[in-house]
Amino acid sequence: MQLEGIHHVTCITGDAPGNVEFYARLLGLRLVKKTVNQDDPTVYHLFYADEKGSAGADITFFEYPQARRGRAGAGMVHRVVWRVASEEALDFWQERLGKAGVETSREDGSLRFSDPEGLDLELAVVETLDEPLVARHPEIPAEHALQGFDGVRAYSTDPERSRPLLEEGLGFEARPTERWKIGGERRESWYRYDEPPAEPGIGGAGTVHHVAWSSLPEEHQQWQQQVARAGARPTPVIDRFYFKSIYFREPSGVLFEIATIGPGFATDEPAEHLGERLSLPPDFEHLRAQVEPLLTPLPNPRD
């Protein structure tokens, strides 16, 4: 068995309309699913990805309206890194973000910035054989578009505690500077640790809730058993309708998920109309009349 890189990264926002504006209109990702947090169906779960809603390109947000601003600390992912194709793409994004009032920091091969709630983001020039996972946007040339995740960076006070689970339990390959690579035939990603700040982390808007890694559907139950044998404490397999999931914390404290590639977001709405209406999995459809009035009205970013 081999995990197929990052499946999705789930974060927290206190401002769903502003979140849609930033990730769909400015960064050019496609809002592929507008649904609810299945553990708390009174709040949104928004999914942004490439045109197809592919695993590997999917950043998601729980909306808790007016949530306090969070702060990444030990045991939390603090940066999300996307791939782009070239330095010319970084030129494009530096100009586009600057015109929108977003402060950027440019280094050779990368561009760093934050979303409006302080989530640390990076675009990195990456040469890879992986398929570029691109969304269409009228203002963003396809050759400059975001191409899916490259990796995530987390804070840890003791990365060595996580090594046995990462390498022996999950099949990550060690690289220099506290960095691990994971990937299969479809896609690869990396996971890296940094020294944490002195201040403790605070969950809230602008922070990462968890990172999910991709598994083939036929291997998912085996992964649940493998994680348990490796000494973690995984949940049972949970059917999220669009994929199946297990959750556990790795020794540094970061919440991991292993999610299946599929069935996917076109399961309950046509691919050409993904994200245009509130989608509720069958087990939640009976709550629509109660839930819909509680959710912040959102525009269709493709109108």
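Summing -39500 (n - 2.57) over the DSSP H runs of n ≥ 4 in the chain and dividing by its residue number, what mean residue ellipticity at 222 nm do you reach, to the nearest 500 deg cm²/dmol? The partial results should precede the final answer.
Details: 4 runs with 32 residues, N = 303.
So the calculated ellipticity at 222 nm is -3000 deg cm²/dmol.
Please report the spacing between the Cα centers of the range 259-273 and the range 277-303 in Å, no decimals.
Computed from Cα coordinates, the inter-centre distance equals 16 Å.
Would you kindly state the longest site-free stretch of the chain, with sites defined as GluC sites (Glu not before Pro) in a DSSP loop (not H, G, I, E, B) surrounded by at most 14 other Cβ atoms within 10 Å?
Details: sites that count: Glu103, Glu127, Glu139, Glu185.
The reported range is 186-303.
Using a 10 angstrom cutoff on alpha carbons, build the Gaussian network for the chain and name the most mobile of Pro132, Pro251, Pro141.
Judging by the Gaussian network model, the answer is Pro141.
Hey, if you put +1 on the Cβ of every Lys and Arg and -1 on every Asp and Glu Cβ in the range 6-294, which of Thr177, Pro281, Ser214 ends up farthest toward the positive end of that dipole?
Pro281
Pull up the DSSP beta bridges for the chain and report the antiparallel fraction as a percent, rounded to 5. List each step's numbers first, then the result.
Working: 45 of 69 bridges.
Around 65 percent antiparallel, to the nearest 5.
Would you give the gap between the C-alpha center of the range 196-243 and the C-alpha center of the range 157-181, rounded to a whole Å?
Between the Cα centre of the range 196-243 and that of the range 157-181, the gap is 16 Å.
Every read-out reported here was derived from the displayed coordinates using simple, explicitly stated rules and does not represent laboratory data. Remember, it's a predicted structure, so these values are computed and weren't measured experimentally. Neighbour counts are summed over all protein chains in view; Cβ atoms, including those assigned to glycine, are modelled from backbone coordinates with ideal geometry.
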